[in-house]
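The values are calculated or read from the model by the stated rules, or taken from the named source; none is laboratory data. Source: prediction; values computed, not measured. Ideal geometry is used to build each Cβ from the backbone, glycine not excepted, and the neighbour counts take in all protein chains shown.
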């Protein structure tokens, strides 16, 4: 009986439950000193004077550094594709461009002294007009980078696309609906904030500890910035308390830790406060959309256009490129003949936008799913029926969409059927009718979404290695970088499945660039289909080596060697006594380099997980408060390796997706002052605002890899947001409400009701 | 100022600045880094420990206020022979943790909640954990774990 | 994250605290549970030079039957107010409201005296005490005095307590079985009230107090009069925001607060009228 597909409890857990993880801030470093960053309190200004003399004299302070001291080139974002004029200095030089931008670094013997000294830095600013409204910034107004001549950081034009809409796109459409949609800025809020430490060693190497999702990416970045050969940089990723996309790519504050360690000759450690993280860690989403959808009166969707203005924040980062992914998933699960997506990323005096769970795909799903409901409302057809009439049929796969994505395999109709059945859709509609007839002031809403998303796009390869030790244990090295996903358990399951070595004799090594030569890290729901496959391939290779070695030792032919996974030994077919254990084979292999194999697997293409979510909400029509009552989620990411881990990923995604729909938003005032810059003001969802989830498993294996696996990590946050938003609108549709932007705060709901029935 | 605080049965006597937060005393002075810091507005609960048997946010207590008190942190929850507390075991069996950062605080809050509220329902657990934030799990399995532990403890 | 440095002294009694406050003047702040003050100090929004810790004054934590009223020591923690059998039977509004303050961890440390003395109009307990027509007892250099709840909350984070006075006791009249209600509207369970309404029925004085509708908790006098005059909940509640200019902030506009006040007041009155099981 295979271990794959079974609910194996996590091998990672005992440590976390008894002594806690070891996160970057927990590391004991001899002689370490601490950095405190001084940050701009204004959104857009010229620094006219910066006096650090009092801070430099404060107790315990070793040094104070400003932009003028930093001899490192500004960073050009978006993998070098951003305009050079919009490069980000590591410490602001003459101009600050967002509240929270670091302007000085104080190194002190302890953190309290650093905080005290930070208060002594005196800065004078000449305020400049802040640019907060992205659509306005796209059109003109004050410029963040006068040398660049506009606030546009990047657009579809950079990818060879047109920014001019096709005037004939909707020709012949009987019905045309249009909606402005805001996919609001949110804060990723991993429970562990950013943290990094650096120490230059006597031999000229650098040891860099950092809370990141990409240790090898961090190594390459540090090597590049400091002009070092990568082998000289040793990156160690201790336990990481969540990333969600925001801890990919490297921040100026982290690179400065390395620089400060060099300046001071001491090991330097930095851990931000949450308030700093709320403005310094990248934000997510932040797309302004105008969607138009055209079709027939009986529900066939014929044409769809989405125009996106992406907020890049003050310095273009990964977020400014995400509309590329939004466009790639434009039509979702629907077969739409004519499609168009035009996108522009615009800088504003706000925190830079980065990837956040879903990274461009939630924005696509939220838009198309909203528009399908708007279209359904317009033509008076049940929204589930409209969906059915337009789903890409099962016989169409692999299906290449007009925007150029080739969906590997899907079964959208079954996903929708399962979700509706699990939810009891007909009964829900009946209950809704009863409550409406009874004039219930608490309105019930039912929202549906059918989604597809793209995974595996984080890179074309991943590294995996398996070695059998002479004691019969196995060591796995992986280029992935788990921070809660359970790879130590999952990869051990794969190796155990292949070799018969028990789980408790398998160790998984990750997050250390000296121990693992290369890797993509963990993001974009790619680890299992790449990293897991690499481990699988390495295991299979080791088994092959073992069979050859056994054949040699047992003087048999390789074809006659059998691996008995139950017993953990290889033997001659028919003669179980003529065999060797893994330990014996590994021992015997010592003289010829060991019993080990590596794989740098090659991806056969992106995979497309899909699903359907049904959400039931109650909306208090007097106060506008939304309570999420039921969440039914069908998510199909191919073959399930460990249902426990898959469910956990779905739950986490659901919570974040629901939170975006009803609770969370980052807000700025018109002067660019952040209003939600701590966890009391930013309404991070708690257990009290959520129900338990009803998840329904579905497995449609992908043909694109040997595990049949796609990525599950982001599905929950992609399907749930539109289902919740649609549910809230549905609750109020009988009052004439057609659209409410998220998050559906009580005041937004109240305002929508008032507008609909003045 | 000199304080003596008992942590997991061990007396810890140290000279502290009045402004030192209890969480920093636990982590930096005593070296027990299992308890984590997740925010600066007393919102997230990652720093939750038991102070004289009751859950408190150690980031919102000064070490000097805890002078003479007895604390239990995650490191002291399991029995001396390593037997896990029912809450620890339930979190493991129900996959109630992913990245682990909120976990020590969540576990200590759950221990206190179960002790104080017999007959916990799902609603009671969700409201009882309103002061403990988690970004990874979506709370679903945490709630399951706490209810399972409560049932086992017979509460 | 780390407060500015300060000197720390412990008071063994209310008298000693008064004397220490007198000695240090404006530089000193009282510390009880610390869950109003320490969060401000950690963000360096407050930086007192001296903290006078009342935390060890054991004899200020009690709930006592005082005939027609119940006397509560200022250092009684929210969790102890919540659990008090005496309050549950005689002043049930109060333990209910105490159980909604913050979260369980906060309730294990925060005190009723600390919450009232902090004077935040968005806090729950000030409105409850106001609706109940409670009395606050303050100890100063020249002895003890009583302050009616209606005179206690003077401005935003400002009470009638003098700089060298310590709140020692809160007295609340027994409710005599009157109906009561506390409506707390927020988006997350751990949040402050966006708007709140505390109401007690006629036998307990008919007081209705609003949370987060002004710079202090306020009585909704027009509503009280309408109810006393026989108006039904919906009609009476329409006057909830009369004469008030509620704040506009992250969580609600002025207009939305006005609307919430009328809705929540109506619901509170309905609950008061329905009585308690």
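Among the residues of segment B:91-106, those that are more than 7 Å from chain A (Cβ to nearest Cβ) and buried (at least 24 other Cβ atoms within 10 Å of the Cβ) comprise B:96, B:105, B:106. Is at least one residue of segment A:650-664 at pLDDT 95 or above, under 17 Å from residue A:707 (Cβ atoms) and either surrounded by 24 or more Cβ atoms within 10 Å (Cβ to Cβ) or outside the structural domain of residue A:429 (by TED's automatic domain parsing) (or both)? No, every residue in segment A:650-664 fails to be at pLDDT 95 or above, under 17 Å from residue A:707 (Cβ atoms) and either surrounded by 24 or more Cβ atoms within 10 Å (Cβ to Cβ) or outside the structural domain of residue A:429 (by TED's automatic domain parsing) (or both). Being more than 14 Å from chain B (Cβ to nearest Cβ), in contact with a strand residue (DSSP E or B) (Cβ under 8 Å, 6 or more places away or on another chain), in contact (Cβ under 8 Å) with a residue 24 or more places away in the chain and within 25 Å of residue A:212 (Cβ to Cβ) is the requirement here; does residue A:495 meet it? No; evaluated as a whole, the condition is false for this residue.
For the residues A:55, A:85, A:92, A:43, the requirement of being farther than 25 Å from residue A:353 by Cβ and either at pLDDT 95 or above or not assigned by TED's automatic domain parsing to the domain that holds residue A:311 (or both) singles out A:55.
Test residue C:127 against the stated conditions and say whether it is touching a helix residue (DSSP H, G or I) at 6+ places or on another chain (Cβ under 9 Å), over 27 Å from residue B:50 (Cα atoms) and free of Cβ contacts under 8 Å to residues at least 60 places away in the same chain.
Here the answer is no, as residue C:127 does not meet what is asked.
Within the span defined as segment C:190-197, one or more residues are more than 25 Å from residue A:659 (Cβ to Cβ) and touching a residue at least 60 places away in the same chain (Cβ under 8 Å). For segment C:8-36, a tally of residues being free of Cβ contacts under 8 Å to residues at least 12 places away in the same chain and either crowded, with 16+ Cβ neighbours inside 10 Å or closer than 28 Å to residue A:193 by Cβ (or both) returns 1.
Would you check if there is a residue in segment B:10-29 being in contact (Cβ under 8 Å) with a residue 24 or more places away in the chain, away from chain A (no Cβ under 12 Å) and touching a strand residue (DSSP E or B) at 6+ places or on another chain (Cβ under 6 Å)? No: zero hits.
Can you find a residue that is closer than 23 Å to residue A:242 by Cβ and in contact with a strand residue (DSSP E or B) (Cβ under 9 Å, 6 or more places away or on another chain) anywhere in segment A:459-469? Yes, segment A:459-469 has at least one match. Exactly one residue among B:68, B:128, B:82, B:76 is farther than 23 Å from residue A:650 by Cα, within 14 Å of chain C (Cβ to nearest Cβ), surrounded by fewer than 24 Cβ atoms within 10 Å (Cβ to Cβ) and at pLDDT 95 or above, and that residue is B:68. Residues that are more than 8 Å from chain B (Cβ to nearest Cβ) and out of contact with any strand residue (DSSP E or B) (no Cβ under 9 Å at 6 or more places or on another chain) do occur in segment A:8-16, at least one of them. Any residue at all in segment A:207-219 that is within 29 Å of residue A:135 (Cα to Cα) and either in a loop (DSSP other than H, G, I, E, B) or within 14 Å of another protein chain (Cβ to nearest Cβ) (or both)? For segment A:207-219, residues within 29 Å of residue A:135 (Cα to Cα) and either in a loop (DSSP other than H, G, I, E, B) or within 14 Å of another protein chain (Cβ to nearest Cβ) (or both): absent.
Quick grid of which residues meet (1) closer than 27 Å to residue B:144 by Cα; (2) crowded, with 24+ Cβ neighbours inside 10 Å:
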{"site": "A:690", "(1), (2)": "yes, no"}
{"site": "A:696", "(1), (2)": "yes, no"}
{"site": "A:699", "(1), (2)": "yes, no"}
{"site": "A:702", "(1), (2)": "no, yes"}
{"site": "A:711", "(1), (2)": "yes, yes"}
{"site": "A:720", "(1), (2)": "yes, yes"}
{"site": "A:726", "(1), (2)": "no, yes"}
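Restricting attention to segment A:601-625, which residues are in a strand (DSSP E or B) and touching a helix residue (DSSP H, G or I) at 6+ places or on another chain (Cβ under 7 Å)? Listed by number, the residues that qualify are A:601, A:607, A:610, A:611, A:612, A:613, A:614, A:615, A:616, A:617, A:619. Taking segment A:461-510 and the strands (runs of 3 or more DSSP E) fully enclosed by it, the elements with 1 or more residues that are buried (at least 24 other Cβ atoms within 10 Å of the Cβ) and over 29 Å from the mean Cα position of the chain (by Cα) are at A:461-468, A:474-478. In segment A:85-134, which residues are farther than 20 Å from residue A:51 by Cα, surrounded by fewer than 21 Cβ atoms within 10 Å (Cβ to Cβ), more than 26 Å from the chain's Cα centre (by Cα) and more than 14 Å from chain C (Cβ to nearest Cβ)? Scanning segment A:85-134 gives A:85, A:128, A:129.
Of the residues making up segment B:32-58, those that are part of a loop (DSSP other than H, G, I, E, B), under 22 Å from residue A:16 (Cβ atoms) and more than 8 Å from chain A (Cβ to nearest Cβ) number 3.
Matching residues to (1) within 10 Å of chain C (Cβ to nearest Cβ); (2) under 30 Å from residue A:43 (Cβ atoms); (3) within 22 Å of the chain's Cα centre (by Cα):
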residue: A:670; (1), (2), (3): no, yes, no
residue: A:691; (1), (2), (3): no, no, no
residue: A:707; (1), (2), (3): no, no, no
residue: A:718; (1), (2), (3): no, no, yes
residue: A:741; (1), (2), (3): no, yes, no
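Once segment C:238-257 is narrowed to residues that are touching a strand residue (DSSP E or B) at 6+ places or on another chain (Cβ under 9 Å) and not in a loop (DSSP other than H, G, I, E, B), the residue that is farthest from residue C:222 (Cα to Cα) is C:252. For segment B:93-111, a residue qualifies if it is touching a residue at least 12 places away in the same chain (Cβ under 8 Å) and in contact with a strand residue (DSSP E or B) (Cβ under 9 Å, 6 or more places away or on another chain), and the qualifying residues are B:99, B:101, B:104, B:105, B:106, B:107, B:108, B:109, B:110, B:111. Based on what the data block shows, is residue A:253 more than 14 Å from chain B (Cβ to nearest Cβ), touching a helix residue (DSSP H, G or I) at 6+ places or on another chain (Cβ under 9 Å) and under 30 Å from residue C:40 (Cβ atoms)? Here the answer is yes, as residue A:253 does meet what is asked.
Residues being within 12 Å of another protein chain (Cβ to nearest Cβ), touching a residue at least 40 places away in the same chain (Cβ under 8 Å) and in contact with a strand residue (DSSP E or B) (Cβ under 6 Å, 6 or more places away or on another chain) are entirely absent from segment C:78-99.
Taking the listed residues C:5, C:47, the one that is surrounded by fewer than 21 Cβ atoms within 10 Å (Cβ to Cβ), assigned to a loop (DSSP other than H, G, I, E, B), over 22 Å from the mean Cα position of the chain (by Cα) and at the interface with chain B (Cβ under 9 Å from one of its Cβ atoms) is C:5, with no other qualifying. Given the criteria within 14 Å of chain B (Cβ to nearest Cβ) and either in contact with a helix residue (DSSP H, G or I) (Cβ under 8 Å, 6 or more places away or on another chain) or modelled with pLDDT of 95 or more (or both), does residue A:595 qualify? Taking the combined requirement at face value, the residue does not satisfy it.
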